[in-house]
Amino acid sequence: MKATLITIVVLSYLSVLCVSHDFDFFFFVEQWPGSYCEEHGCCKPSTGVTPSDDFTIIGLWPKFNNGSTPSNCNPNNVFDPTKISDLIKSMEEEWTSLSCPSNDGTELWEIQWNKHGTCSESILDQHAYFQASLNLKNSVDLLQALKKSGIEPNGKFYEVEKIKEAIKNEVGYTPGLSCHKNTDGESMLYQVYLCVDSSASNFIECPIFPKGKACVSQALFPSFQAITTTTSGVNYSK
């Protein structure tokens, strides 16, 4: 009997090791919807929630200091919307999916949890993972930080270093930026990366910055207004 109990304990410990993955910090990533719509086209969410003229959450991604990213760490811990039922309303507003055809955002959240959230499950369960993301979003207003420095989503170009400086003045730490090109080949401000400690509680100085899709010296900051289409295509002000 004693040997059986020891075996059970050992197996339980090993199972935890199999699904728990250490990591060093998080990238907390927000996206500018105007740039997404310029590149992909976008649709109003099927929830009926009108996307606000603001940055939206993309994800909270565990990272290693060497730049590598753990992913899909536990296929047995699948996304379960019933575990975050009290967060859904906030997520529909702050973690909006603009992809076409119109959808309620569930697929986006599922992808983020299955790919990234499961790699932090030793610290954050599903509810805590999404709650932490919302808390981080609400702790810093990126758009207002930029506006304070005269950087507006008005279809004009701004110095990338000025964009970083404006965000650093608000957050206290230098952000990473990624830019994508529009149909005219112009570099657009696309995503902002802030680094967060492994508890997902505090912003920190980034050990590394994201690779690829780097911004050049200047970036276009396209405008974005409420989407009026609901199935395909896009209707917003540039």
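The values are calculated or read from the model by the stated rules, or taken from the named source; none is laboratory data. None of the values given here were measured: they were computed from a predicted structure. Note that we place each Cβ from the backbone using ideal geometry, even for glycine, and neighbour counts take in every protein chain shown. To get the accessible areas, we keep the full protein, side chains included, count just its heavy atoms, and leave off ligands, DNA and RNA. Shrake-Rupley method; radii C 1.70, N 1.55, O 1.52, S 1.80 Å.
Here are some notes:
- Per-region count, the range 180-192, residues surrounded by fewer than 20 Cβ atoms within 10 Å (Cβ to Cβ) and touching a Leu at 6+ places or on another chain (Cβ under 8 Å): 2
- Picking from residues in the range 195-221 that are modelled with pLDDT of 95 or more and of a type in the set (Phe, Trp, Tyr), the one that is nearest to Tyr36 (Cα to Cα) is Phe221.
- Leading residue by the ranking (least open to solvent (accessible area, probe 1.4 Å)) among those in the range 193-221 that are in a loop (DSSP other than H, G, I, E, B) and β-branched (Val, Ile, Thr): Ile208
- Filter result for Ile151 (crowded, with 20+ Cβ neighbours inside 10 Å and assigned to a helix (DSSP H, G or I)): no
- All positions within the range 107-121 that are surrounded by 16 or more Cβ atoms within 10 Å (Cβ to Cβ) and either closer than 14 Å to Phe26 by Cα or not aromatic (Phe, Trp, Tyr) (or both): Leu108, Gln112, Trp113, Asn114, Lys115, His116, Gly117, Thr118, Cys119, Ser120, Glu121
- Tabulated pairs, the range 92-105, first under 8 Å from Cys43 (Cα atoms) and of a type in the set (Asp, Glu), second modelled with pLDDT under 95 and part of a loop (DSSP other than H, G, I, E, B), C-beta under 8 angstrom, 6+ apart or interchain: none
- Ile163 fulfils the conditions (1) farther than 21 Å from Ile57 by Cα; (2) part of a helix (DSSP H, G or I); (3) touching a helix residue (DSSP H, G or I) at 6+ places or on another chain (Cβ under 9 Å) except for a single criterion, (1).
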